[in-house]
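Student: Sharing a structure below in structure tokens format, with a few things to ask.
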Amino acid sequence: MTEIEIVKAYMNIPPVRRKELMKHLKTIDELQASSTILRYVSEMNVVIGCPIDVHSREQIFIDARMVLSYVLTKKGYSNRQIGEVLMKDHSTINHLKQTMSFDVEHKFKTSAMLLLEQFENRLKEYGI
């Protein structure tokens, strides 16, 4: 179907049904986003060798959250979506992304940058 045909078909749906359809489509999009984010989280768990959802301030966990926030933002996910999976507030996710972006921009060799390289290599290995 072309975009015009889709719009015409949508316009033929009664307004009450349109709202139901839009809610359903939004739910499908959110489920797909969650499954993609979870795949990235599971790959990060493999890279760091333990679950990322541990409530810890150890540097490895901070770096892992920072890398995931940065990578998932580049993939188009919102702070809210990322925060829900990492169990962090959207403002925390925003701070993690800003810190990581600064490191990437200035090509600092931090532990987070080294973790980012390992993570990206793993994603390439498995075609994700």
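Student: For residues that are open to solvent by 60 Å² or more (accessible area, probe 1.4 Å) and of a type outside the set (A, V, I, L, M), scanning just the stretch 77-88, find the one that is nearest to Ile60 (Cα to Cα).
Tutor: So the residue we want is Lys88.
Student: Hey, any hits in the stretch 24-45 for a residue that's of a type in the set (A, V, I, L, M), open to solvent by 90 Å² or more (accessible area, probe 1.4 Å) and at pLDDT below 85?
Tutor: The answer is yes, given that some residue of the stretch 24-45 is of a type in the set (A, V, I, L, M), open to solvent by 90 Å² or more (accessible area, probe 1.4 Å) and at pLDDT below 85.
Student: Can you tell me which of (1) of a type in the set (Val, Ile, Thr); (2) touching a residue at least 40 places away in the same chain (Cβ under 8 Å); (3) open to solvent by less than 20 Å² (accessible area, probe 1.4 Å) is the one Ile128 doesn't meet?
Tutor: Unmet condition: (3).
Student: Give me the residue from the stretch 51-68 that is assigned to a loop (DSSP other than H, G, I, E, B) and either small (Gly, Ala, Ser) or touching a helix residue (DSSP H, G or I) at 6+ places or on another chain (Cβ under 8 Å) (or both) and, out of that set, most open to solvent (accessible area, probe 1.4 Å).
Tutor: Looking at residues that are assigned to a loop (DSSP other than H, G, I, E, B) and either small (Gly, Ala, Ser) or touching a helix residue (DSSP H, G or I) at 6+ places or on another chain (Cβ under 8 Å) (or both), I get Asp53.
Student: Can you name every residue in the stretch 69-89 that is among the aromatic types (Phe, Trp, Tyr) and not in a helix (DSSP H, G or I)?
Tutor: Tyr77
Student: Being closer than 18 Å to Asn45 by Cβ, surrounded by fewer than 17 Cβ atoms within 10 Å (Cβ to Cβ) and in contact (Cβ under 8 Å) with a residue 24 or more places away in the chain is the filter here, so list the residues in the stretch 89-119 that pass it.
Tutor: Ser111, Gln118
Student: Another question about this same structure. Tyr40 - would you say it is assigned to a loop (DSSP other than H, G, I, E, B) and of a type outside the set (A, V, I, L, M)?
Tutor: Taking the combined requirement at face value, the residue does not satisfy it.
The values are calculated or read from the model by the stated rules, or taken from the named source; none is laboratory data. Values in this document were obtained by computation on a predicted structure and should not be read as measured data. Here the Cβ is made from the backbone with ideal geometry for all residues, glycine too, and neighbour counts use every protein chain on show. Only protein heavy atoms, including side chains, enter the accessible area calculation; ligands, DNA and RNA are left aside. Shrake-Rupley method; radii C 1.70, N 1.55, O 1.52, S 1.80 Å.
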